[in-house]
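Throughout, read-outs are computed from the coordinates displayed, never taken from laboratory work. Everything numeric here is computed off the predicted structure, so don't read it as measured data. Methodologically, a virtual Cβ is constructed for each residue, glycine included, from the backbone with ideal geometry; neighbour enumeration extends over all protein chains shown.
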Amino acid sequence: MTRVPRRPSGERARAGGNRECYGGTMAASAVRSGIDVGLRAWELDDAEELAAMYAAAAAELSTDAPWRTPEWFTAGGQRERIRACLDVDSVEGFVITAAGAIVGTLSLDEIRRDILQSADLGYWVAPDARRRGVATGAIGLAVGHAFGCLGLHRIHATVDIDNRASSRALENNGFQRVGILRGFAMVGGRWRDHHLYQLTAEDWLDSRRG
Ligand SMILES: CC(C)(COP(=O)(O)OP(=O)(O)OC[C@H]1O[C@@H](n2cnc3c(N)ncnc32)[C@H](O)[C@@H]1OP(=O)(O)O)[C@@H](O)C(=O)NCCC(=O)NCCS
């Protein structure tokens, strides 16, 4: 994993926790299914490319989250979204790349620095880049960052019970299904049950030892 030094970013660079990581851009890659999957902290300059990628999949993204306004799909909307993340310590946003091109996004949300030391994981891969191991590779890189760099203790993710691809991408990285959240999220006009997955730093370290 390579950490590329980044210009100090005001309050964020001075935030608590692991300063080196909070103040630096994380960039890492791994070869998965023969393609080079990368993860790097997103920047304001990514806004235009992200907007174009999301706009091409607007039908899916609007169904999954109707709160996404037309503005959200524009470069301006994405710039605001990225800026909002860069301004707080509780979120880390990343672009996922495949062979160098942006093909998705991943975020560690609700980062808690109290007795939980935890984060909520979310990700999205563009439809034409799916089923090539991209999500599996990107989640693996994010896990390494969260435990190895940020020093978190637990990562959790919630997955619609019918979302087999997402469940498999988590399971490929050692996440365990620990429960079910009834009526967890309103998707497509219905309250949908979700599986709760988690991975702890201890389990991750054990799996690496082998
Ligand atoms: C879920 C998602 C991120 C998976 O991305 P991906 O890059 O295609 O995932 P991978 O290629 O790493 O595949 C992971 C596993 O899912 C399987 N898979 C992929 N697409 C699948 C599908 N449509 N149906 C069933 N299984 C599928 C793969 O075969 C693989 O399983 P395996 O390891 O047993 O072979 C992507 O489909 C997506 O962005 N979906 C919409 C947003 C979303 O669901 N986000 C997650 C919210 S929790």
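General remarks:
- Derived scalar couplings between HN and Hα for the range 135-145 equal 4, 4, x, 5, 4, x, 5, 5, 4, x, 5 Hz in order, rounded to whole Hz, by the Karplus curve 6.51 cos²θ - 1.76 cosθ + 1.60 (θ = phi - 60°), x for Gly and Pro.
- In this structure the amide hydrogen of residue 184, modeled in the peptide plane, comes within under 5 Å of the amide hydrogens of 192, 193, 194, none closer than 5 places in sequence on its chain.
- Rounded to the nearest 20 debye, dipole of the chain from Cβ charges on Lys, Arg, Asp, Glu: 400
- Listed residue (103, 161, 34) projecting farthest to the positive dipole end of the chain, Cβ model: 34
- Projecting the alpha carbon convex hull of the range 25-159 along each direction and taking the average yields 8.0 nm².
- Projecting the Cα atoms of 116, 189, 201 onto the dipole axis of the chain, where Lys and Arg carry +1 and Asp and Glu carry -1 at the beta carbon, places 201 farthest toward the positive end.
- Contact order for the chain, expressed relative to its length and based on alpha carbon pairs under 8 Å spaced 6+ residues apart, stands at 17 percent.
- For the range 47-58, backbone phi angles converted through the Karplus equation (6.51, -1.76, 1.60; θ = phi - 60°) give residue-by-residue couplings of 4, 5, 5, 5, 4, 5, 5, 5, 4, 5, 10, 4 Hz, Gly and Pro being listed as x.
- Per-residue Karplus couplings for the range 121-131, computed as 6.51 cos²θ - 1.76 cosθ + 1.60 with θ equal to phi - 60°, are listed in order as 9, x, 7, 8, 10, 4, x, 7, 10, 7, 6 Hz, Gly and Pro entered as x.
- Per-residue [θ]222 nm for the chain (sum of -39500 (n - 2.57) over DSSP H runs n ≥ 4, rounded to 500): -8000 deg cm²/dmol
- Efficiency of FRET between residue 168 and residue 56 - r from beta-carbon atoms, R0 25 angstrom, step 0.05: 0.55
- Potential extension, residue 110-residue 75 segment - 0.36 nm per residue separation minus Cα distance: 10.2 nm
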